[in-house]
Amino acid sequence: MVEDRTALEFPSQGAATVALCEPYGILCCLASGPGGYPLRVMIDTGTDPAAIDARLARRLALPTGGSGVGQGAASDSVAFTETTLPWLRLGDPHVSGGQLLTIRDLYAPALDLSSLPFAVDVVLGYSVLRQVALRVDFQRRLLTLTHPDIGPQAPGRGGARMPLSFFEHFPALNNLEVDGVVIAQATIDTGSNATITVGPGLAARLGLQPGNTGVSLAQGTGFGGGGDVIRRRFHQARLGPFVLEDVELDTHLAWAGDLGRAERANIGTRLLSRFAVVAIDYERREAVFDPLDAP
């Protein structure tokens, strides 16, 4: 087995800012690391721990340890091999005044990420994100990672601070409602390019079932592969004090993996990006949402 010795080195000002990069449907940025070229990093609040593409691990000849099979969003058989990335550095000198966040000895099981519909080299999950406060500025396409001692994120004009709960290791909200159906807990998943994904129990309550009016078939992909999903548009979603019109929900037909659990609900980046700013503070267990059209 490979020991998890992941360590974060914060810059002197306690925060590093980096520009978001394509694909914009998820939370991605470029970082420097071994190999001599930029690495595409996905910031994924819906996974744990970190991960590295197996092809990159082989190319860098990273030492490996034990292997096993884990669970993805829609799969119960995600094969991995334990390894460690020596270093990863996030931050844009032109954006953050040279303030860079360095991650040393990143414990990152190697996975086959070739099935994803976008190119990703490294995934940062709960094992890293629990040690920072995240601020995503969707309007300016900037991501700021801050030491939790810096202080809480203040809402902007028209914004709101909401308490976070946790589903296992994943940050979640308890104040989501879709067309009058109350969703007890919905995880925040910046690694999902969906709007809201629900498990089979919630899908039945919402009428999101094959053959129903307005339901269409599509393909969904995640760690370990993908499968058929059905989706439908709903009139509105309420998230705390905010009302979002015309939202799309989907559910996986295979009902495997994490999102195959009956009452699971998952808020993806497509919904989050309908806000100007979203901040997640793991240590203080709170989130901040600033609307696009503040009064």
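Candidates Gly214, Leu253, Leu272 compared by Cα position along the dipole of region 160-291: farthest toward the positive end lies Gly214, with charges placed on Cβ. Ellipsoid semi-axes for region 178-220, based on the Cα gyration tensor and the rule √(5λ), read 18, 16, 8 Å when sorted largest first.
Every Cα-Cα pair in region 160-291 was counted, and those over 20 Å apart are 40% of them. In this structure, the amide hydrogen of Ala276, modeled 1.01 Å from its nitrogen in the peptide plane, lies closer than 5 angstrom to those of Asp290, Leu292, counting only residues at least 5 positions away or on a different chain.
Where only DSSP H runs of four or more residues are counted, the chain gives -1500 deg cm²/dmol as its mean residue ellipticity at 222 nm, each run worth -39500 (n - 2.57). Rounded to the nearest 0.05, what FRET efficiency is calculated for Arg89 and Arg58 with R0 set to 25 Å and r the Cβ-Cβ distance? With R0 = 25 Å, the Cβ-Cβ based efficiency is 0.70.
A straight chain from Ser216 to Phe118 at 0.36 nm per residue would run longer than the Cα-Cα distance by 33.0 nm. Using C-alpha pairs under 8 Å with a sequence gap of at least 6, the mean separation divided by the residue count of the chain gives a relative contact order of 23 percent. Maximal additional length on extending the Val243-Arg157 stretch stands at 29.3 nm, based on 0.36 nm per residue less the C-alpha distance. Here the simple spin-label model places points 7 Å from the Cα toward Cβ, and for Ala184 and Asp149 these points are separated by 3.9 nm. The value obtained for the chain, namely the Cα convex hull volume divided by the number of residues, is 118 Å³ per residue. Quick check on region 92-161: take the gyration tensor over C-alpha atoms, sort the square-rooted eigenvalues as a ≥ b ≥ c, and tell me if it's rounded (a/c under 1.5), prolate or oblate. Since a/c reaches 1.5 and a/b is larger than b/c, the shape of region 92-161 is classed as prolate. Dividing the mean sequence gap of close Cα pairs (under 8 Å, 6+ apart) by how many residues region 152-234 holds gives a relative contact order of 16 percent. From most to least packed by mean Cβ count within 10 Å, the peptides 241-250, 143-152 give 143-152, 241-250. Look at the Cα gyration tensor of region 131-228: its axes a ≥ b ≥ c give a/c of at least 1.5 with a/b over b/c, and that counts as prolate. Close amide-amide hydrogen proximity is noted between Val229 and Ala218, Gln219, Gly220, Leu253, each under 5 Å apart and 5 or more residues distant or on a separate chain (H modeled in the peptide plane; Pro and chain starts excluded).
As a rough guide to protection, the peptides 163-170, 206-213 ranked by mean Cβ packing within 10 Å, highest first, stand as 163-170, 206-213. With the simple model of a label 7 Å out from the Cα in the direction of the Cβ, Gln209 to Ala19 spans 4.9 nm.
No lab work stands behind these numbers, since they all come straight from the coordinates. It should be emphasised that the depicted structure is a prediction, and the values quoted were computed from it without experimental measurement. Don't worry about glycine lacking a Cβ; one is built from the backbone with ideal geometry, like all the others, and counts go over all protein chains shown.
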